[in-house]
Each structure stands twice: as structure tokens, then as C-alpha cells.
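The values are calculated or read from the model by the stated rules, or taken from the named source; none is laboratory data. If you're wondering where the values come from, they're calculated on a predicted model, not measured in any experiment. No Cβ is skipped: glycine too gets one built from the backbone with ideal geometry, and neighbour counts run over all protein chains shown. Each accessible area value is taken on the protein alone, full model and side chains, heavy atoms only, with ligands, DNA and RNA left out. Shrake-Rupley method; radii C 1.70, N 1.55, O 1.52, S 1.80 Å.
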Amino acid sequence: MKRIFLLAALLFGFFNSFGQTAEIIIETPDYVMLGTDVTCQISGANLPDSLKMNERYLQVDKENGEITIDDYQVGPQFENNVVFTTPKGEIPLWMSILPPVFAIILALVFKEVTYSLFTGIYIGCAVIGVYAEGWIGIFTGFIRVLDTYILDSLKDSGHLSVILFSLLIGALVAVISKNGGMAGVVKRITKYATTRRSGQFATYFLGIAIFFDDYANTLVVGNTMKSVTDKLKISREKLAYIVDSTAAPIAAIAFITTWIGAELGYISDGLDVINVDPENPVIDQGVYSIFMNSLSYSFYPIFTLFFMFFLIWKKKDFGPMRQYEQAAIEGRSEEDDTPVDEEVEAELRALEPEEGIKKRSFNAVIPILVVVFGTILGLVVTGFDSSIAAINDLQLPGMHEKFNISTWGEAWANMQYLSEKPETFMQHIGTLIGKADSYQALLWSSIAGLFAALFLSLVQRTLSVGKSMSVVISGFKTMLPAVIILVLAWALAGITEDLHTADFIKGLFGDSFSPVWIPAITFILSAVIAFSTGSSWSTMALIYPIMLPAAWAVSQGADYAVAESMNIFYITVSSVLAGAVLGDHCSPISDTTILSSLATSCNHVNHVRTQLPYAATVGVVALVFGIIPAAMGVSSLITIPIGVVVLFLIVHFFGKRVKEN
């Protein structure tokens, strides 16, 4: 009998021990990046609060059934009662840099961004595929590019909003060009051009007036002003510089342009990487609010506009530009030998108004005002709606019930209870914009502006119904290349997020690297890539997905407070854009630089030679007196005036007047 009891006890102990080994199961993803934090699914009866792994303890999230292994390395060892499923692929973290690096290198070599972005995405998918599936992953990587990353980028409602907004703005520009509205604006401004200085100022302010699209700006202003500036003996080189250096800077910093959709999309992707948990975001700010906050750090575009104003006002130039200005006054300007580009000719024809119609400026001004004020109204409406919902979700200490407000006045009065805790009027406005749905506001305003343009065209019979629809579709077509780049850039952002590229870049900088240098590095890197590729849009598509998460990661790694980290983040956002515009201005292969030469009938080499010293001067001032001090915490209310004064002194002391008869 004793033997029977002993055998039963042994069997019970054996089966009990077997049950314990299978008590807790940890399931890992198919692939993991070594050296990163990996979240795994955990299941089993009576989950503990923590588990021991490699002589340290990991917290168990019982509610969500998850456990996070921080700084994952090969072969983690758990306690005996844990069954750990090893991932199919354990990828070295350095491989995470391959997709963006290959995309950048190919863009530099082939000067073609669509192919480069697609290849970068494929390389990332192939890396995942090979480690997770074996060598067959080289082939399945092509499929993963389409059915995972490109498709996922199109599933995002914010991305679709950006695409729709971009298409609608493209259609709006086409309609107000064809109905004579844009030509009417040009006609009103050019009548004030009577002297060399007023002629340059007319070109300058016309470039600012057509702020909503850099291509339309370049083509319209350059093509219409060259006959006026020729009569006033202004060189084609100076005209090309004014046209080129107002188009992109004003389109980059105006808050309603064909650029804004792309910029918001890139910023949103950066936030998605940072805000891993959407329910508890690290950066609790709207995309549009971040963009608006970054504008005060857009030093290069702002300084360029001031620098050009000083050159015209003081009637001074330096470098090669002064020689060409003197030659124009003396009547010995060089003839343009730039070959005619068929695509540019086609775009010019597309922007020409219909024959025989009256060119009325209000046909452009009214739709643009509808877009501008419609966006503001949309931001206010959606901002108040979100604020009301956020306040009603609050339950402050000592309150037995939650808020129950329904009006804008009540929302404004109770905003101090929100996490932003606004006190002043401007802080209330900032909170309101931060809570707003910018995508919804932009969609409302753009469709309203397009309907306004179509209504004016049909009522005045400048365009027929059939012609109006044809013009709208042609406007859609002009934005398709930009939309393709956007989709591929979003897909590249997705693959860099999955591969933890930001973590690798953070590791490259090291713990001792100061985050204050991140915006300066971003500015220079963006300028170099834009100069080499000739495209500011492709530069933004390549750099935004890398540098925004990296800027935040490095700032947090340096134990910066959230406010300090946000300051670095804002400046990095603006530095990508500013650096891209600088490189674009300096590059002889830039699309807008070539377009400016063709639209103004200026010799392209001469345009590059005369514009490069001016752009480089402003770029250095923006870096030294703007970006670096701002990253160190100096307010833009100080850096911008100082930079403007420095530019004025450069024009005053280094510029020389041409001899006028």
C-alpha cells in the first residue's frame, strides 16, 4: 500500500510540474529588431505582476495580456514555468538604416525620387522577409511593398484627406487660371511698375500674392513680368531670382498652399512613430498646431523674403548679379540660349486664360479668400467641438458628476481644466487650434473654394460646364506626381517605423550628444540632398520620416522636459522644409530653378550663378543666427529680428548700386 501511495505522489508531482512548465506562454512577433523594446503577448493562469528574465524583472501588463522586453537581445532566458516562443527572425538594428540610406543614395545618383522611394521600401521589406521567411523573402518583399505598406498608407483617413485636399487645390489653381482671375491679379499689380525699383517690387509682391502654389507662381509671374522688366531695363537674371526666391519660400510658410497637405502628412507620420499608444499620446497636439508652431522657426524662407526686399529697396546687388544688372541698364544683356521645354510650354498653356474673356482679379481673390477664411472657420468649429467633448470627459476631484457643456462660450470658459491649462487669450487660441481637426477644415475650405471658383466662372460664362469639368480634371492631373511621392513617402515612413530606424539613429548620436545640434544637422542634410536631387518635395519625403522620430528620441534620451523636446521638434520640422528650399534654390538641376529660367527666358547657367551667392548668404545667416540659437532656447522673437538686421547690414555694406543713366 505504501508503494502505491508513493507512486501516486510521484505521478502527481510529475504532472503538476508539467502543468507548471506550460502555465505561462510568451508569444513573440514574427520578427524583432535587436536592441529595441519588443512587446509580446503573454497568456496563462494566474499571471504574476512580474517575470524574471536574465537576472532582471519585467513588468506584466495583465489587463492587455502583454509583456515588454526592453533592449531585446538574442536568447532571452525566463523562469522554468515560462514557455517562450523564439521569433522567426532576429534582425540586427543596423539594418534598419538600409531603406532610407538606399533611397537617398539612389535619388542622388539617378535624380529620380519615385524609383528611389520604391526601392528603399522594397529593401526594408526584403530584410524583414529574409529574416522571417528565409530567402523566399526576397521575392515576397515585392508583394509586401504593395499589400502591406502602400495599402496601409492609403487606409489612413488622414492620408486620404491630404490626397483629396491636394487634388482640390490643384483643381482650384487650374480654374482661377483659366477663368482669368490670376491674370487679373497680375494686371492690377503690374500697373504700379514704372521704375526699376517699382518694377522689382511689383514682381516681388506678385510672387507673394500667388502664395498658394510655387509652380503656378513661377510660371505666371515669370511669364507675365518679363516684358515689363525688359522695358524697365531689369536683367532677366534678377527677374529669375525674384521669381524663384518668392515662389517656394512663400508656398512653404503660407498656411493654405499645395505644400501644406504634404507637410501635414509627413508630420503626422512622425507623430505616429512617437505616439506608440494613441490612447495615451506622448505629444498631445494636433498636426496643424505643430505646423503653425514650427513656422516661427522657418528662418531661411522668412530671411529670404526680407533679404530680397532689402536688395530691391536699397537698389544694391553684389556678386555676379550686379554685373548682369549693369549690363541690362547699358543694353548689353546676354541672349537666352536655354532650349524650350515642351512640358513647360504645356504648363504655360494650361495656365493661360480662355481667349476673349475679361481678366477680373476677383475671380481669383474670392475663391482664395473662401479657402483661407473657410479653413479658419473649420479650425474654430472642429476645435470647439473637440474641446467640448474633452471637457465633458473630465471628472475633477470633488466633482460627483462630469461636465455637461454644449456651447462654445462654456467651452471657452472651462478650457483651463484641460491638460493644456491655457491662461491668456493666445493660449486659448493655441489650445483651440491644437484640438481642431485640420484635415476636416482643409477639406471643407478647399471644396468650398473650388465651388466658388466654378460658380463665378459659370455665372459670368467665362467657362462652360464641360470646359469647367475638363479644367478641374486637368488640375487633378497636375497633382498626381506629388500624390505618388506622398504615398511612397508614407510607405517608407511605415517601414522605418517597423524597423526602428529612429532607435538606431539615436544610438549613433550616443547619450552624450546634445539635441541642440539635431535641427542644424537636419537643415544641412536637407539642403545637401535637395541640392543633389533637385527636388524639395523628394527631400521632405526622404528626411521627415527619419529625423522627426530621431529628434524626439534624442531629446528624450537627454532627459529633456516635454516643453524642451517640443522646441527641438518644432525646429526640426521647420529645418527639413527650410533646408529643402535652400538646396532647391542652389541646385542647377532643381525643377523650380529650371522652371524659373524657362518662364523668364533667362539663361539657366546665369540664373544659377547669380542666385547661388544670395541663397548661400541667407542660408548661413539662417543657420548661425536662427536655427542654432533657437535650438539653444533663444526665442524666435529675438532670433528673427537679429537675423533680419544682419541681412540688412550685409546688403548695406557689401552691396553696391549699379550705375543708372
Selection within region 584-605 - assigned to a helix (DSSP H, G or I), within 23 Å of Leu108 (Cβ to Cβ) and open to solvent by less than 20 Å² (accessible area, probe 1.4 Å): Asp584, His585, Cys586, Thr592, Thr593, Leu595, Ser596, Ser597
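Go through region 62-71 and give me each residue that's in contact (Cβ under 8 Å) with a residue 12 or more places away in the chain and more than 12 Å from Thr36 (Cβ to Cβ).
The initial filter retains those residues of region 62-71 that are in contact (Cβ under 8 Å) with a residue 12 or more places away in the chain, namely 62, 65-71.
Passing the criteria: Lys62, Gly65, Glu66, Ile67.
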Which one of these does Asn81 not meet: (1) among the polar types (S, T, N, Q); (2) surrounded by 12 or more Cβ atoms within 10 Å (Cβ to Cβ); (3) under 39 Å from the mean Cα position of the chain (by Cα)? (3)
For region 650-661, which residues satisfy the criterion of being part of a helix (DSSP H, G or I) and open to solvent by less than 80 Å² (accessible area, probe 1.4 Å)? Ile650, Val651, His652
When Ala551 is run through (1) among the small types (Gly, Ala, Ser); (2) part of a helix (DSSP H, G or I); (3) in contact (Cβ under 8 Å) with a residue 40 or more places away in the chain, the failure sits at (3)
Which numbered condition trips up Glu279, out of (1) out of contact with any Leu (no Cβ under 7 Å at 6 or more places or on another chain); (2) closer than 29 Å to Pro641 by Cα; (3) at pLDDT below 80; (4) open to solvent by 10 Å² or more (accessible area, probe 1.4 Å)? (2)
Filtering region 510-548 for residues that are at negative phi, without any contact (Cβ under 8 Å) to a residue 60 or more places away in the chain and not charged (D, E, K, R) leaves a count of 12
Can you run down the residue pairs with Cβ atoms below 7 Å, 6 or more apart or on separate chains, where the first is in region 235-250 and under 23 Å from Gln326 (Cβ atoms) and the partner is modelled with pLDDT under 90 and among the acidic types (Asp, Glu)? Ser235/Glu325; Arg236/Asp336; Lys238/Glu325
(1) in a helix (DSSP H, G or I); (2) touching a Ser or Thr at 6+ places or on another chain (Cβ under 6 Å); (3) closer than 30 Å to Glu354 by Cα all hold for Ser474 apart from (2)
Only one residue in Thr194, Thr224 is surrounded by fewer than 23 Cβ atoms within 10 Å (Cβ to Cβ) and not in a helix (DSSP H, G or I), so which one is that? Thr194
Filtered residues of region 606-634 (kept if part of a helix (DSSP H, G or I), open to solvent by 50 Å² or more (accessible area, probe 1.4 Å) and either free of Cβ contacts under 8 Å to residues at least 24 places away in the same chain or of a type in the set (Phe, Trp, Tyr) (or both)): Val620, Val624, Phe625
So in region 625-655, with the set limited to residues that are at pLDDT 90 or above and more than 30 Å from Ile518 (Cβ to Cβ), which one is nearest to the chain's Cα centre (by Cα)? Val651
How about region 97-122: which of its residues are in contact with a Ser or Thr (Cβ under 7 Å, 6 or more places away or on another chain) and over 12 Å from Leu542 (Cβ atoms)? Ile97, Phe110, Lys111
Those residues of region 84-106 which are open to solvent by less than 30 Å² (accessible area, probe 1.4 Å) and part of a strand (DSSP E or B) amount to Gly89, Ile91
Val109 is checked against (1) over 30 Å from Ser532 (Cα atoms); (2) surrounded by fewer than 16 Cβ atoms within 10 Å (Cβ to Cβ) and fails just one. What number does that condition carry? (1)
Ser555 versus (1) open to solvent by 10 Å² or more (accessible area, probe 1.4 Å); (2) over 30 Å from Ile242 (Cα atoms); (3) not hydrophobic (A, V, I, L, M, F, W, C): which is the lone unmet condition? (1)
Quick one: Met182 ticks every box in (1) modelled with pLDDT of 85 or more; (2) buried (at least 24 other Cβ atoms within 10 Å of the Cβ) except a single one, so which number is it? (1)
Residue that is farthest from Lys359 (Cα to Cα), among those in region 431-471 that are polar (S, T, N, Q) and open to solvent by 60 Å² or more (accessible area, probe 1.4 Å): Gln440
From the list Val74, Val127, Val109, Val82, which residue is free of Cβ contacts under 8 Å to residues at least 24 places away in the same chain, of a type in the set (A, V, I, L, M) and over 30 Å from Ser468 (Cα atoms)? Val109
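Val380 - would you say it is modelled with pLDDT under 85 and among the hydrophobic types (A, V, I, L, M, F, W, C)?
Values: modelled with pLDDT under 85: no; among the hydrophobic types (A, V, I, L, M, F, W, C): yes.
Judged against the criteria, Val380 is not a match.
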So, of the residues in region 293-338 that are of a type in the set (Ser, Thr, Tyr), part of a helix (DSSP H, G or I) and within 30 Å of Glu263 (Cβ to Cβ), which turns out to be modelled with the lowest pLDDT? Ser294
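So for region 501-512 (the condition being part of a helix (DSSP H, G or I) and buried (at least 24 other Cβ atoms within 10 Å of the Cβ)), does at least one residue qualify?
For region 501-512, residues part of a helix (DSSP H, G or I) and buried (at least 24 other Cβ atoms within 10 Å of the Cβ): present.
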Filter region 197-206 down to residues that are at pLDDT 85 or above and closer than 27 Å to Glu263 by Cβ and give me whichever is surrounded by the most Cβ atoms within 10 Å (Cβ to Cβ). Thr203
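Is at least one residue of region 571-580 under 23 Å from Phe653 (Cβ atoms), assigned to a helix (DSSP H, G or I) and not aromatic (Phe, Trp, Tyr)? Can you show your working first?
Taking region 571-580 and keeping what is under 23 Å from Phe653 (Cβ atoms), we get none.
Scanning region 571-580 turns up no residue that is under 23 Å from Phe653 (Cβ atoms), assigned to a helix (DSSP H, G or I) and not aromatic (Phe, Trp, Tyr).
Test Ala390 against the stated conditions and say whether it is surrounded by 15 or more Cβ atoms within 10 Å (Cβ to Cβ), within 15 Å of Asp284 (Cα to Cα) and more than 22 Å from the chain's Cα centre (by Cα). I'd like the intermediate steps shown before the answer.
Working: surrounded by 15 or more Cβ atoms within 10 Å (Cβ to Cβ): yes; within 15 Å of Asp284 (Cα to Cα): yes; more than 22 Å from the chain's Cα centre (by Cα): yes.
So Ala390 fits the description; yes.
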Subset of region 283-316, residues under 22 Å from Asp385 (Cα atoms) and not acidic (Asp, Glu), comes to Ile283, Gln285, Gly286, Val287, Tyr288, Ser289, Ile290, Phe291, Met292, Asn293
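Tally up the residues in region 26-77 that are part of a strand (DSSP E or B), of a type in the set (Gly, Ala, Ser) and in contact with a Phe, Trp or Tyr (Cβ under 8 Å, 6 or more places away or on another chain), please. Explain how you work it out, then say what you get.
Initial filter on region 26-77 (part of a strand (DSSP E or B)): 26-27, 31-33, 38-44, 50-53, 56-61, 66-69.
Next cut, of a type in the set (Gly, Ala, Ser) only: 43-44, 50.
Filter once more, so that each one left must be in contact with a Phe, Trp or Tyr (Cβ under 8 Å, 6 or more places away or on another chain): 50.
Result for region 26-77: 1.
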